[in-house]
1. Please give, to one decimal in nm, the separation of the simple spin-label points placed at Arg39 and Ala52, each 7 Å out from Cα toward the Cβ.
2. DSSP beta bridges in the chain, what fraction antiparallel, as a percent rounded to 5?
3. Rounding to the nearest 20 debye, state how big the charge dipole of segment 1-59 is about its Cα centre with +1 on each Lys and Arg Cβ and -1 on each Asp and Glu Cβ.
4. Match the structure shown to one of the listed values (i) 44; (ii) 37; (iii) 31 of percent of Cα pairs over 17 Å apart, computed from it, and give that label.
5. Could you check the spin-label model distance between Val76 and Asp21? Points 7 Å from the Cα along Cα→Cβ, value in nm.
6. Relative contact order of the chain, please, whole-number percent, based on alpha carbon pairs below 8 angstrom and at least 6 residues apart.
7. Can you compute 3J(HN,Hα) from phi for each residue in segment 2-14, using the Karplus curve 6.51 cos²θ - 1.76 cosθ + 1.60 with θ = phi - 60°, rounded to whole Hz and x for Gly and Pro?
8. Mind listing the long-range amide H neighbours of Thr29? Cut-off is under 5 Å, sequence gap 5 or more, other chains count too, H placed in the peptide plane at 1.01 Å from N.
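Every number here is computed from the coordinates shown, using simple stated rules; none is lab data. Given the structure is predicted, the values throughout are model-derived calculations rather than measurements. Here the Cβ positions follow ideal geometry from the backbone for every residue, glycine too, while neighbour counts run over all protein chains shown.
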Amino acid sequence: MNVKVLVFASYAEALGRGELDVELPAGATVADCVSEVRRATGAGVPPAPLVAVNRRYARSEHPLSEGDEVALIPPVAGG
């Protein structure tokens, strides 16, 4: 199955782009997707980032479906 992965801020800078298409096997989870992004890009994303699937926060065990939009959300600091 194919999912669209969106990355922002420091993640996008580290990866050199803001969007990736990721091919995953049927039954893949958010954790599988994050692992594949880390493997394919070599760095820039921590093992357990904050993730949203189809604009809703999701846990690492959340199952993915064909065409899902997975957003990897970097930590935010402010003052």
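1. Simple spin-label model gives 2.7 nm for this pair.
2. Working: 13 of 17 bridges.
The antiparallel fraction comes to roughly 75 percent.
3. Values: 7 positive and 6 negative charges, 44 e Å.
Its charge dipole is roughly 200 debye.
4. (ii)
5. Here the answer is 3.0 nm between the modelled labels.
6. Values: 139 pairs, mean separation 31.2, N = 79.
About 40 percent, as a whole number.
7. 10, 10, 9, 10, 9, 10, 10, 6, 4, 5, 5, 4, 5
8. Result for Thr29 returns Leu64.
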